[in-house]
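For reference, the structure is listed below as structure tokens.
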Amino acid sequence: MEFRLANGTVITDEDIERECAEYESGSWTGALANLRVGRPRLSEGEANANLSFKCPKTGADLIERAATACGMRKSEFLRSAALEKAERILRSA
């Protein structure tokens, strides 16, 4: 069986078996990459915080339509709206 990698390279079951045997014998010369699993962080060096709230269905529909009109995902829209309002309130305080 053949597999096409993201970079376009095609590998076969035999290629995989050969590389596994090389790795297990200690003769493999490839490089391992550290992959971060999950969604990417919103900013480098700062952890994400999860926020959640409930609102009436009509409000949720309104938010969904506004996000779509802005070409944004709902989470992006809510994040930017909340941060914008928080900054405005704190500037005037």
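Of all residues in region 18-38, exactly one satisfies the criterion of being exposed (fewer than 10 other Cβ atoms within 10 Å of the Cβ) and among the basic types (Lys, Arg), namely Arg36. Candidates in region 45-62 are the residues that are in a loop (DSSP other than H, G, I, E, B) and more than 17 Å from Ser80 (Cα to Cα); of these, the one that is farthest from the chain's Cα centre (by Cα) is Pro56. Looking at the structure I just gave you, is Arg79 surrounded by 10 or more Cβ atoms within 10 Å (Cβ to Cβ), over 20 Å from the mean Cα position of the chain (by Cα) and in a helix (DSSP H, G or I)? Judged against the criteria, Arg79 is not a match.
Screening Arg91, Arg65, Arg41 for residues that are out of contact with any strand residue (DSSP E or B) (no Cβ under 8 Å at 6 or more places or on another chain), surrounded by 10 or more Cβ atoms within 10 Å (Cβ to Cβ) and either assigned to a helix (DSSP H, G or I) or modelled with pLDDT of 95 or more (or both) leaves exactly one candidate, Arg65.
The values are calculated or read from the model by the stated rules, or taken from the named source; none is laboratory data. Remember, it's a predicted structure, so these values are computed and weren't measured experimentally. Heads up, the Cβs are rebuilt from the backbone with ideal geometry, glycines too, and the neighbour counts pull from every protein chain shown.
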